[in-house]
1. Given the condition open to solvent by 80 Å² or more (accessible area, probe 1.4 Å), at pLDDT below 95 and within 16 Å of Pro94 (Cβ to Cβ), answer yes or no: does some residue in region 24-44 qualify?
2. Only one of these is among the charged types (D, E, K, R) and in contact with a Gly (Cβ under 9 Å, 6 or more places away or on another chain): Arg116, Arg83, Arg127. Name it.
3. For residues that are within 15 Å of Tyr7 (Cβ to Cβ) and touching a Ser or Thr at 6+ places or on another chain (Cβ under 9 Å), scanning just region 70-96, find the one that is surrounded by the fewest Cβ atoms within 10 Å (Cβ to Cβ).
4. Search region 51-62 for residues being surrounded by 14 or more Cβ atoms within 10 Å (Cβ to Cβ) and not hydrophobic (A, V, I, L, M, F, W, C), and hand back the single one that is nearest to Arg29 (Cα to Cα).
5. I'd like the full set of residues that are under 17 Å from the mean Cα position of the chain (by Cα) and surrounded by fewer than 17 Cβ atoms within 10 Å (Cβ to Cβ), limited to region 1-10.
6. Report, by residue number, each residue of region 106-117 that is open to solvent by 60 Å² or more (accessible area, probe 1.4 Å) and at pLDDT 95 or above.
7. What number goes with the only condition from (1) surrounded by 14 or more Cβ atoms within 10 Å (Cβ to Cβ); (2) under 16 Å from Phe129 (Cα atoms) that Ser17 does not pass?
8. Please tell me if Ala56 is of a type in the set (Gly, Ala, Ser), under 20 Å from Gly3 (Cβ atoms) and modelled with pLDDT of 95 or more.
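The values are calculated or read from the model by the stated rules, or taken from the named source; none is laboratory data. For clarity, every value in this text was computed on a predicted model and none was experimentally measured. Reconstructed Cβ throughout: ideal geometry from the backbone, glycine too, with neighbour counts over all protein chains shown. Quick note on the areas: whole protein, heavy atoms, side chains included, nothing else; ligands and nucleic acids left out. Shrake-Rupley method; radii C 1.70, N 1.55, O 1.52, S 1.80 Å.
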Amino acid sequence: MLGPLDYLYTPSADVASDVAWFGDVLGARVVFAIESSGTRVAMLELAAEQPRILLADHLEGERPILVYRAADLTATRSALEARGLVPERTLEIPFGPCCTYRSESGHRLAIYQRTRPEVEAHFAGRRDF
């Protein structure tokens, strides 16, 4: 039903410090580190395979959001909702339309359809901080 786990969207109180830690300690490659309108987001790659880590200072809570790709967002949403999942929020992320869910115990996941695959390449290499 779900496609690949593309991203771990993770809250960060200090994105620059976390980027340094992941790079220095774990050898992560910084795909991008962007600051816009007072918000910081960084994408890190720890391995050649997915998932990539997105550190974000605007993301509330302490748990990451597991972001899965869906070949067909509408069909995947229908299948998840038929199993009792209730959508928490629908939104647009840079890569395409997205829908978030939360388990009864607070685990967070999102599904998205990659309608704008060029976005990641557009931001690649950008280092605002």
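1. Scanning region 24-44, I find at least one residue that is open to solvent by 80 Å² or more (accessible area, probe 1.4 Å), at pLDDT below 95 and within 16 Å of Pro94 (Cβ to Cβ), so the answer is yes.
2. Arg116
3. Ranking the qualifying residues of region 70-96, first place goes to Leu91.
4. Ranking the candidates gives Arg52 first.
5. Result: Leu2, Gly3, Pro4, Leu5.
6. His107, Arg114, Thr115, Arg116
7. (1)
8. No, not satisfied.
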